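Coordinate-derived values only; no laboratory data. All figures in this text were calculated on a predicted structure; none of them were measured in a lab. Neighbour counts run over all protein chains shown; Cβ positions are idealised from the backbone, glycine included.
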Amino acid sequence: MSKLHLVLVEPRIPQNTGSIARTCAVTGAALHLVHPLGFRIDDAKLKRAGLDYWDKLDIFHHDSLDAFFAAYPAAEGQNPYFYFTAKTGTLYTDVSYPDETFLIFGREDTGLADSILAAHPERCVRIPMRETLRCLNLSNSVAIAAYEVLRQHDFAGLTRDGRYAKAGWEPQTPRAYDISQI
């Protein structure tokens, strides 16, 4: 896979952004933060959620969504942008993601602007959920979407071996526990 880009448009909650940064670090995805943010970048909650992974990811700041699109224009005849929203019937699993893919997510409280979605209805995708509930947590949605793109590209660049496999450890058969005894 060439590159996976996770784009957060005006995120409001530092813990979500920190968790997404951690997802970027472990998957090799680039994180794009489109300002204004609903927190300061030195927020302790942001840092804590991202753990000690901040130096292990590519993070880019953009003053606006227009500035982001100017920095990463789509090649002629190719559109690598996918807009996540609850306002479409196309599932995120119905899409074949190109080698370089940009997954774009809106604010936690409002999502992406209707004008953006209306301009690109063929690029809007959704994660299925119960009809009576509004949405998933942003960091969960980003992780679900990112791993679908990675799965389609056979998890290129990611290890399939666990730490214990490298140490020669063989997993044991799980023991049954009587929970009332604990």
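Neighbours of residue 3, meaning other residues whose beta-carbon lies under 15 angstrom from its beta-carbon, give a summed charge of -3 when Lys and Arg score +1 and Asp and Glu score -1.
At 0.36 nm per residue, and after removing the present C-alpha to C-alpha distance, how many nm does the segment from residue 67 to residue 109 gain when stretched out fully?
Length gained, residue 67 through residue 109: 12.9 nm.
What the Cβ-Cβ distance of residue 53 and residue 155 gives, at R0 = 25 Å and to the nearest 0.05, is a FRET efficiency of 0.85.
Around residue 150, under 14 Å between beta carbons, what's the net of Lys plus Arg minus Asp minus Glu among the other residues? Residues near residue 150 contribute -1 overall. Tell me, what is the FRET efficiency for residue 99 and residue 134 to the nearest 0.05, using R0 = 25 angstrom and their Cβ-Cβ distance as r? That pair, residue 99 with residue 134, gives E of 0.15. Report the Stokes-Einstein translational diffusion coefficient (µm² s⁻¹, integer) for the stretch 51-91, Rh taken as the Kirkwood radius over Cα pairs, at 10 °C with viscosity 1.306 mPa s. Translational D for this selection: 119 µm²/s.
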